[in-house]
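Okay, structure first, notes after.
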Amino acid sequence: MIGQTARLIVVNVSTVQLPPNPCQVELRFVGQDGQTLLGDGGPVVTTATLAPGAAAFLDLRSPVVGVRSPVVGTRTAYRAMVHKLTPPGSENALSCNLVGTGELFDSFSGKTAVAFPGDSCVGGACRPFQP
């Protein structure tokens, strides 16, 4: 993954607007042991509040510093995960219909190498995206 960036993108495709916090999500990259990966600025995780039609993304840039710090130039196994923080039974659950996609692109040129199609979330959590 040298010179490449993995991007996790999630969009709220709901058409229902319910205040005050329409849709709370957490995006993260984890290693093969399930631990959150560390990037140049710390853990590769973020949270976002998504109104209908809004999107958020999280980038994992190489080199990846994993929990066990892999050697630069070696392959790194990882997963991108989206978790709904909005409880499934809450009144805001109707305004939280997520679709996640993934992209792997060259960090220098911005050219996309691989794009992964979207997958909707079902219930309270999204299925993990596995490149």
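We did not get these values from a lab; they are worked out from the coordinates using the rules stated. Not measured: the values here are computed from a predicted model. Cβ coordinates were reconstructed from backbone atoms using ideal geometry, including for glycine residues, and neighbour counts include every protein chain displayed.
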Efficiency of FRET between residue 114 and residue 47 - r from beta-carbon atoms, R0 25 angstrom, step 0.05: 0.45
Residues with amide H under 5 Å from that of residue 54, placed H, sequence gap 5 or more: 12
When the Karplus curve 6.51 cos²θ - 1.76 cosθ + 1.60 is applied with θ = phi - 60°, which whole-Hz ³J(HN,Hα) does each residue of segment 42-52 get, with x for Gly and Pro? x, x, 8, 8, 8, 10, 8, 10, 10, 6, x
